[in-house]
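One structure is given here, and the rest of the page talks about it.
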Amino acid sequence: MTLLFNVDTERADTWQQLFAEQAPDIDVRLWPDIGDPADVRYLATWLPPEGIHERFPNLEVLFATSAGVDQFDTRLLPASVQVVRMLDPGIVRGIVEYATMAVLALHRDLPSYVQQQREGRWQELPYVPAHQRRVGVMGLGNLGQAVLRQLQGFGFALSGWSRSAKTLAGVQCHAGEAALPGFLAACDILICLLPLTPDTRGILDARLFAGLPRGASLINLGRGGHLVEADLLAALDSGQLQQALVDVLQEEPAAADHPFMRHPQIWLTPHIGASTLPESAFEVLLANLRRHQRGEPMQGVVDRQRGY
Ligand code: GLV
């Protein structure tokens, strides 16, 4: 059973060591030392190597080392190859931390206070209790749900929107295109945690921003492709939006002169919301490999039609 890793050198060594210690029956190879490509049954990678099916004729499972799988054009993969996204508890923790940090910063008016400090002003802004602060999450998969569970502890007024109907205790859930305006109208803080698919590309646009209450704020923790960057700039300029926290961009890494870089109403971070840590992801990957070896369904298998 050969598993090939195509990841950065530092993480590759950790993966290899974990397998050597805890699953020595699995033959782990590290890119570019592929050996005989016909041996490779499993490939773990962030980006799909070109010509994957010609190169690895016996590939059975492609394990994404990321939570999102939009970087793979799954239509180019043979139907026999299963694509599995990474359900690493470390990613969940990272996203929950980032979202909580961002929501609390916005809730407690940190951007305004930072600005005031720069201007040498000492001035109290009106305090809004958490139960009056409406926080909405777009995307109710494992990440969106974990964020909502954490935010519940602060007592925020929570809602969620997803493609298919979900029921979450303590969260006003909305589903589908028709329910989007009602959801948006009740979001002071909007968090995007959607998967990037043809349906959700560019969803954070002028029309969506116009549907938010005036002065709302945005946190984009999804993908750069969700956001129409020029529309965000316009919404901030017009006062429709007050602030944005952005962790992902259309083009990464961002150029030094990207308009978000020095924008006073945008806090930009370089795609650090969460990243897969071999230490926490190992058990998830191994459990899936064992399921596959036993002929059982794996967790996190991507539905090619839906794209996530
Ligand atoms: C990171 O963005 C991921 O998808 O894991």
Would you say residue 133 is basic (Lys, Arg), touching a residue at least 40 places away in the same chain (Cβ under 8 Å) and either farther than 23 Å from residue 307 by Cβ or open to solvent by 20 Å² or more (accessible area, probe 1.4 Å) (or both)? yes
Some residue of the stretch 123-130 being open to solvent by less than 20 Å² (accessible area, probe 1.4 Å) and not aromatic (Phe, Trp, Tyr): yes
Can you name the residue in the stretch 38-59 that is open to solvent by 60 Å² or more (accessible area, probe 1.4 Å) and either within 30 Å of residue 249 (Cβ to Cβ) or outside any helix (DSSP H, G or I) (or both) and, of all such residues, is nearest to the ligand (Cβ to nearest atom)? 46
Which of the residues belonging to the stretch 150-171 are in contact (Cβ under 8 Å) with a residue 24 or more places away in the chain and in a helix (DSSP H, G or I)? 150, 151
Residues of the stretch 275-286 satisfying the condition of being more than 15 Å from the ligand (Cβ to nearest atom) and either in contact (Cβ under 8 Å) with a residue 60 or more places away in the chain or over 13 Å from residue 19 (Cβ atoms) (or both): 279, 282, 286
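For the stretch 259-286, what are the residues that are surrounded by fewer than 16 Cβ atoms within 10 Å (Cβ to Cβ) and polar (S, T, N, Q)?
Selection gives 269, 280.
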So how many residues does the stretch 189-226 have that are out of contact with any Gly (no Cβ under 8 Å at 6 or more places or on another chain) and closer than 23 Å to residue 155 by Cβ? 6
Residues (more than 16 Å from the ligand (Cβ to nearest atom) and either more than 26 Å from residue 93 (Cα to Cα) or touching a Lys or Arg at 6+ places or on another chain (Cβ under 8 Å) (or both)) located in the stretch 250-274: 255, 256, 257, 258, 259, 260, 261, 262, 263, 264, 265
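Is it fair to say residue 104 is touching a residue at least 24 places away in the same chain (Cβ under 8 Å) and more than 16 Å from the chain's Cα centre (by Cα)?
Numbers: touching a residue at least 24 places away in the same chain (Cβ under 8 Å): yes; more than 16 Å from the chain's Cα centre (by Cα): yes.
It is true that residue 104 is touching a residue at least 24 places away in the same chain (Cβ under 8 Å) and more than 16 Å from the chain's Cα centre (by Cα).
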If only one of 257, 237 is in the same structural domain as residue 105 (by TED's automatic domain parsing), outside any loop (DSSP other than H, G, I, E, B) and farther than 25 Å from residue 143 by Cβ, which one is it? 237
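Scan the stretch 212-231 residue by residue and report those that are in a loop (DSSP other than H, G, I, E, B) and either free of Cβ contacts under 8 Å to residues at least 24 places away in the same chain or buried (at least 17 other Cβ atoms within 10 Å of the Cβ) (or both).
212, 221, 222, 223, 228
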Among (1) out of contact with any Phe, Trp or Tyr (no Cβ under 9 Å at 6 or more places or on another chain); (2) without any contact (Cβ under 8 Å) to a residue 40 or more places away in the chain, residue 192 falls short only on (2)
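Only one residue in 63, 19 is at pLDDT 95 or above, under 30 Å from residue 141 (Cα atoms) and part of a strand (DSSP E or B), so which one is that?
63
The values are calculated or read from the model by the stated rules, or taken from the named source; none is laboratory data. No experiment lies behind these values; they were computed from the predicted model shown. No Cβ is skipped: glycine too gets one built from the backbone with ideal geometry, and neighbour counts run over all protein chains shown. Only protein heavy atoms, including side chains, enter the accessible area calculation; ligands, DNA and RNA are left aside. Shrake-Rupley method; radii C 1.70, N 1.55, O 1.52, S 1.80 Å.
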